[in-house]
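These notes concern the structure reproduced below.
The values are calculated or read from the model by the stated rules, or taken from the named source; none is laboratory data. Here the structure is a predicted model, which means the values were calculated and not measured. Note that we place each Cβ from the backbone using ideal geometry, even for glycine, and neighbour counts take in every protein chain shown.
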Amino acid sequence: MKILVYQADEIVPIDGLYEWLGDSGRIIFSNADEQNFDSKDVIRLLGSINFDTVIFYIPLSIQNQFVKLVNSQFQITGWQEDNTVKFSIDDIRLIGKDALYKFFDTMTLRVGLSQKKECPKELIDAMNKIIRDDKNFIDAIFVSDINKVMLCQIENPDKPGILQKFNLKSIVKSLSSLKDDGLKCDILEFNDGIVISYLVENSSNSPEAIIGFITTDENKQMGSFWLFCENTLNNIKGKCCSF
C-alpha cells in the first residue's frame with residue numbers, strides 16, 4: 001500500500017467519499033469536506049483491497065484521519081516518505097479529457113508514503129558484530145532498497161556522528177543507478193571518508209538492495225578497505241533481502 005497526499009484548488013469531481021480509478025489499483029478520496037469522512041465506509045473499503053498493490057490519493061485535509069484508521073486496521077506502526085511512485089495520468093488509465101482527467105492534470109502531490117519496514121534482528125546483530133570488530137576499518141554500514149528507501153543503518157558507537165557527516169539520501173540516490181549501469185560495486189571518496197557499496201540481487205538475479213560500508217580512518221588505504229568489505233559482504237548479504 002502506498003499513500004499519495006495531494007492538494008488542489010478545486011473539488012475532485014467524484015460522487016461520494018472515494019472512487020476507484022478503473023482497474024489501475026488506485027483510489028482517490030474526495031477533498032470536498034473532511035467532516036464527511038465515514039470511518040465505517042473506509043473500513044469496508046480497506047477490507048476489500050489488495051494491500052500490497054493498492055495506491056490511495058488522499059487529500060491533505062484527511063491525511064491524519066486516514067492514516068490513523070489504516071494503522072488500526074492493519075497494525076501498522078510507522079510510515080516513511082516514499083517518492084518512488086510518480087504521478088501520471090497514463091498510469092491511472094484515465095481516458096479522454098473529462099473533468100477527472102483535468103483535475104489530475106492540475107492537482108499537486110505533497111508527499112508519498114509507504115509502510116515503514118522493520119530491520120530484521122538478525123541483520124542488526126550481524127551489522128553490530130562487524131562494526132565492533134577492531135580488525136577492520138568499517139565504521140558504519142547502511143542498507144537501502146533499490147527504490148532509495150533506507151532500511152537499516154548503524155555506526156561505530158566509539159565514533160558517534162559518522163553517519164551525519166554523509167548525506168546518505170543523496171548517496172543512495174546516486175548508487176541506485178548501479179542497476180541501470182549494470183554495475184555490482186561502486187566506490188565514492190569524500191573528504192570525511194570512503195563509501196564502498198554493493199548491489200545485492202535476489203535468487204532471480206533481480207536487484208533488491210544496496211549495502212554500503214563507510215570508513216573514516218585517517219590512514220585508510222583503498223585496497224585494504226575494499227578487501228575488508230569484500231570479506232564482510234557475505235556475512236550480511238543473505239540477511240538483507242526479501243524484507
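Structure data summary
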{"item": "Count of the stretch 120-151 residues which are over 15 Å from PHE213 (Cα atoms) and of a type in the set (A, V, I, L, M, F, W, C)", "result": "2"}
{"item": "Criterion: surrounded by fewer than 17 Cβ atoms within 10 Å (Cβ to Cβ) and modelled with pLDDT of 80 or more - qualifying residue of ASN128, ASN202", "result": "ASN128"}
{"item": "Close pairs (7 angstrom Cβ cut-off, 6 or more residues apart or separate chains): modelled with pLDDT of 80 or more in the stretch 73-86, surrounded by fewer than 13 Cβ atoms within 10 Å (Cβ to Cβ) anywhere", "result": "PHE74/PHE51"}
{"item": "Subset of the stretch 19-32 (residues that are more than 25 Å from the chain's Cα centre (by Cα) and buried (at least 18 other Cβ atoms within 10 Å of the Cβ))", "result": "SER30, ASN31"}
{"item": "Tally of residues being outside any helix (DSSP H, G or I), in contact (Cβ under 8 Å) with a residue 24 or more places away in the chain and over 25 Å from the mean Cα position of the chain (by Cα) across the stretch 33-67", "result": "1"}
{"item": "Residues within the stretch 157-170 that are at negative phi and out of contact with any strand residue (DSSP E or B) (no Cβ under 7 Å at 6 or more places or on another chain), tallied", "result": "9"}
